[in-house]
Amino acid sequence: MEQQIPLNYEASAGDTNKQVTTTLPPEVVQCLENARFLHLATCVDNIPNVSLMSYTYLAESPYSSSPVIIMTTNNESKKTNNLLANQNVSLLVHDWVSHRPSRRLSGGSPHPPPSSLASLLQNLNSEAMSSISATINGSATLLPPSYPEERYYRERHLENNTFSDPFSSAPSRDDALENGTGTQDGERECFVAGDDVRVVVVDIKDVRISDWKGGVRDWVIVREGEMVNGVR
């Protein structure tokens, strides 16, 4: 059984307790399986851009023995333009359930009471959550349309994102936060399967696990063939 190294509770701008592995740590896998959305950060000319994205995590595939994350984006989106100029990306995913407690505004009027959904989330069994966030760094590739690899990942992403959650108020497309548009649930499939949608595959390079106390742990992901007796 793999030994778990405790999280380092000293603030660090560098790498802490760095480990080398061919697979994602189980805490990160659980987090990716629990969450529905992640934040994608791209950057061009020192100008960052963050987008809320639906995604699909695959531990392996016919095209990669290493874990990858699949997303889709409109061909004319800012993300697409950024990725064409700079493939380096950072992803943030977590499964914390948080809700700002009710408090009075500066004028003395209280906030409206939390919605029934917010109350439900607050009462979820916290033991079922991994209680960590993961910052994942990697290289993103925009796959050429209609290639077998592109079709394979598009189908997996569509299977994983049925858009049938009746409680979801999230954007109906990955770019909705950028252009302010949206559609009904029944129309959302086109934003994965549409001809103007590009498939993005993120090859994971490293990951930092953080807990709510600020503890961190770092991992580097390498391919199986790059390991010799468990060492890179």
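The values are calculated or read from the model by the stated rules, or taken from the named source; none is laboratory data. As the structure is a prediction and not an experimental result, all values here were calculated from the model. In this analysis, Cβ positions are derived from the backbone assuming ideal geometry, glycine residues included, and neighbour counts consider all displayed protein chains.
Give me a count of the residues in region 29-42 that are part of a strand (DSSP E or B) and within 18 Å of Asp206 (Cα to Cα).
Total meeting the criteria: 5.
Of all residues in region 54-79 being in contact with a Lys or Arg (Cβ under 6 Å, 6 or more places away or on another chain) and crowded, with 16+ Cβ neighbours inside 10 Å, which is farthest from Val28 (Cα to Cα)?
If we take residues in region 54-79 being in contact with a Lys or Arg (Cβ under 6 Å, 6 or more places away or on another chain) and crowded, with 16+ Cβ neighbours inside 10 Å, then Thr73 is farthest from Val28 (Cα to Cα).
Name every residue in region 130-159 that is surrounded by 13 or more Cβ atoms within 10 Å (Cβ to Cβ) and modelled with pLDDT under 90, in order of residue number.
Result: Ser130, Ser131, Ile132.
State which residue is surrounded by the most Cβ atoms within 10 Å (Cβ to Cβ) when the search covers only region 1-53 and only residues that are at positive phi and modelled with pLDDT of 90 or more.
Applying the filter and picking the extreme gives Asp45.
How many residues are free of Cβ contacts under 8 Å to residues at least 40 places away in the same chain and over 17 Å from the mean Cα position of the chain (by Cα) if we restrict to region 48-99?
Within region 48-99, residues that are free of Cβ contacts under 8 Å to residues at least 40 places away in the same chain and over 17 Å from the mean Cα position of the chain (by Cα) number 3.
Yes/no matrix, rows are residues, columns are (1) out of contact with any Phe, Trp or Tyr (no Cβ under 7 Å at 6 or more places or on another chain); (2) more than 23 Å from Lys79 (Cβ to Cβ); (3) modelled with pLDDT under 55:
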site: Pro166; (1), (2), (3): yes, yes, yes
site: Arg173; (1), (2), (3): no, no, yes
site: Asp196; (1), (2), (3): yes, no, no
site: Val216; (1), (2), (3): yes, yes, no
site: Ile221; (1), (2), (3): yes, no, no
